[in-house]
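Participant: If you scroll down you'll find the structure; I have some questions about it.
The values are calculated or read from the model by the stated rules, or taken from the named source; none is laboratory data. All of these numbers come straight from a predicted model, not from anything done at the bench. As a convention, Cβ positions derive from the backbone with ideal geometry for all residues, glycine included, and neighbour counts pool all protein chains shown.
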Amino acid sequence: MTESVIEIFDRVAERYDDVLPFFSEFGRLTARRLPEPQPGGRLLDIGTGRGAIAVPARDRGYEVTATDAAPGMVARLRQEQPGLDARLMDAARLEFPDESFDVVTAGLVMHLVDDAAAVTREVRRVLRPGGLFAFTTPGRVPEGFEFADGANALFGEFARHLPPQGSMGAPFDEVETLTEAGFVPRRQTDLRLELPVPDAETLWQWFQTHGTRKYFDDLPPERRDEFRRRLIDDLEGRRRPLLLRRYAWLHEARKSD
Ligand SMILES: C[S@@+](CC[C@H](N)C(=O)[O-])C[C@H]1O[C@@H](n2cnc3c(N)ncnc32)[C@H](O)[C@@H]1O
């Protein structure tokens, strides 16, 4: 049996977001778009990882609670942010009373949970009426966006070598899921980032330290080697400096009264 999503994140927690500051950068972009907190404004960040959203949200003045289901992630967050309220918790079973928070955030996690609709309903339960749910997902490639490396095309090409149920993450209809759970969707914004990458090996290592690790673990070893070779060949043919250019969709919705 292949590892579960939580087991993978537990395993990579030690190096997560160390190779390139990808998640912390998207977290910062997300936190910057949150409304100005009211005094005592309470924010829950689910699937918090190392607190990519939780930390900048706290720095903006929110009273933050950060939760994650991977013990390694929570341990690392507690170690790095001793003052932050970090708790081990499944996003599908939030251990908070109804209407506990003004804002709930989820950075690049909703497409990874077993049942995005159930998590969305649980988020609605813990939000006050009118409260904001802001989350990011990979989603479709935005108009006019161009990758600066060939990895995305390789992920598509090699997917046929994965076993059934291999890799992780599943797209879902975010607007429909929000609406069905009792939210009023407000906006979908594509966030974009560009990070310099020192060399091809760094990009390869980056893929091993977050969710894509499972994609590679699930590929047959000879296909994994072939992917790595093709990625390195692709990068050798690219202009310097090498760039990691990526996007994420930010979904914002209010809990209907
Ligand atoms: C791609 S990481 C994103 C972490 C963080 N939000 C960030 O942007 O860096 C996904 C995180 O969601 C967590 N996660 C996955 N499924 C979860 C669930 N059902 N409940 C809580 N956390 C979950 C993982 O342990 C991991 O830390």
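Participant: Got a number for residues in segment 97-111 being more than 24 Å from F23 (Cβ to Cβ) and not polar (S, T, N, Q)? Quick ask: steps written out before the conclusion?
Facilitator: Pass one, segment 97-111, residues more than 24 Å from F23 (Cβ to Cβ): 97-100.
If we keep only those that are not polar (S, T, N, Q) as well, we get 97-99.
Going through segment 97-111 one residue at a time, the tally reaches 3.
Participant: Can you tell me how many residues in segment 22-55 are more than 8 Å from the ligand (Cβ to nearest atom), in a loop (DSSP other than H, G, I, E, B) and of a type outside the set (A, V, I, L, M, F, W, C)?
Facilitator: Qualifying residue count for the region: 8.
Participant: Within segment 227-234, does at least one residue satisfy the condition of being touching an Asp or Glu at 6+ places or on another chain (Cβ under 7 Å) and in contact (Cβ under 8 Å) with a residue 24 or more places away in the chain? Write out each step before concluding.
Facilitator: Looking only at segment 227-234, we keep the residues that are touching an Asp or Glu at 6+ places or on another chain (Cβ under 7 Å), and these are 234.
Restricting the remaining residues to those that are in contact (Cβ under 8 Å) with a residue 24 or more places away in the chain gives 234.
Yes, the conditions are met somewhere in segment 227-234.
Each row is one residue, and each column tells you yes or no for (1) among the charged types (D, E, K, R); (2) touching a helix residue (DSSP H, G or I) at 6+ places or on another chain (Cβ under 9 Å); (3) under 30 Å from P196 (Cβ atoms).
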{"residue": "V109", "(1), (2), (3)": "no, yes, yes"}
{"residue": "T120", "(1), (2), (3)": "no, yes, no"}
{"residue": "T136", "(1), (2), (3)": "no, yes, yes"}
{"residue": "R140", "(1), (2), (3)": "yes, no, yes"}
{"residue": "F155", "(1), (2), (3)": "no, yes, yes"}
{"residue": "R160", "(1), (2), (3)": "yes, no, no"}
{"residue": "Q165", "(1), (2), (3)": "no, yes, no"}
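Participant: Would you be able to tell me the number of residues in segment 24-59 that are surrounded by fewer than 20 Cβ atoms within 10 Å (Cβ to Cβ), in contact with a strand residue (DSSP E or B) (Cβ under 8 Å, 6 or more places away or on another chain) and among the charged types (D, E, K, R)?
Facilitator: Total satisfying the criteria: 2.
Participant: Moving on. So which residues in segment 203-223 are more than 16 Å from the ligand (Cβ to nearest atom) and surrounded by fewer than 16 Cβ atoms within 10 Å (Cβ to Cβ)?
Facilitator: Taking segment 203-223 and keeping what is more than 16 Å from the ligand (Cβ to nearest atom), we get 203-205, 218-223.
Q205, P220, P221, E222, R223, listed by residue number.
Participant: If you scan segment 1-21, which residues turn out to be within 13 Å of the ligand (Cβ to nearest atom) and out of contact with any Ser or Thr (no Cβ under 8 Å at 6 or more places or on another chain)?
Facilitator: Within segment 1-21, E3, S4, V5, I6, E7, I8, F9, D10, R11, A13, E14, P21 meet the criteria.
Participant: Looking at segment 145-203 only, could you name the residues that are out of contact with any Pro (no Cβ under 6 Å at 6 or more places or on another chain), farther than 30 Å from G131 by Cβ, part of a strand (DSSP E or B) and not charged (D, E, K, R)?
Facilitator: L195, V197
Participant: Show me the strands (runs of 3 or more DSSP E) found entirely inside segment 76-137 where at least 3 residues are over 13 Å from E252 (Cβ atoms), modelled with pLDDT of 95 or more and within 13 Å of the ligand (Cβ to nearest atom).
Facilitator: Values: elements: 85-88, 101-107, 127-137.
Strands (runs of 3 or more DSSP E) meeting the threshold: 85-88.
Participant: Another question about this same structure. Sort out which residues of segment 236-257 are surrounded by 19 or more Cβ atoms within 10 Å (Cβ to Cβ) and modelled with pLDDT under 95, and write them in order of number.
Facilitator: None; the set is empty.
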